[in-house]
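Structure record follows, encoded as structure tokens.
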């Protein structure tokens, strides 16, 4: 799979897992919002499906150009064979089922004031890390600084 921003995803995951307690469990919405802001990847939502767990609401990102799902919190689900820190799946995967209603809910999600301030702090920290590593660009290679 050609994913030119894989290093940015690794740095993002590394920074946010230090910033959020119990990450990745329960941080799919925040992680999807962060990747939307940093890499312009679409926020989408639906359900996670596995052979061992019941279906759970879940949010992740979508790269339209490459038709890939990008998920920083996929490893929170038990029983997944690929529990990598950054999970990249084709958009026809059976593990993530996107729905319009859940995607609308994700895009309308607004954190409370404390969570917003924490999210803002994490974003600033991420920008600093990515800038230090010369990675502030969109998936299409456009520089953000």
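All of the numbers you see were taken from the coordinates with simple rules; none came from a lab. Everything numeric in this text was worked out from a predicted model, so none of it was measured. No Cβ is skipped: glycine too gets one built from the backbone with ideal geometry, and neighbour counts run over all protein chains shown.
Once R0 is set to 22 Å, what does the formula 1/(1 + (r/R0)^6) return for the Cβ-Cβ distance between residue 93 and residue 3, expressed as a FRET efficiency to the nearest 0.05? Please report the intermediate quantities before stating the final value.
Values: r = 15 Å, r/R0 = 0.68.
Efficiency computed from Cβ-Cβ geometry: 0.90.
With labels modelled as points extended 7 Å from the Cα through the Cβ direction, what inter-label distance (nm, one decimal) is found for residue 129 paired with residue 84?
1.8
Label point 7 Å out from residue 67 along Cα-to-Cβ: which residues of segment 1-40 have amide N under 17 Å?
So the set is 1-3.
Which of rounded, prolate, oblate describes segment 1-127, given a ≥ b ≥ c as roots of the alpha-carbon gyration tensor eigenvalues and a/c under 1.5 marking rounded, otherwise prolate only if a/b is larger than b/c?
rounded
Using label points projected 7 Å from each Cα along Cα→Cβ, tell me how many nm separate residue 57 and residue 25, to one decimal.
The answer from the label model is 1.8 nm.
Could the peptides 114-123, 61-70 be put in order, highest first, of the mean number of other beta-carbon atoms found within 10 Å of their residues?
61-70, 114-123
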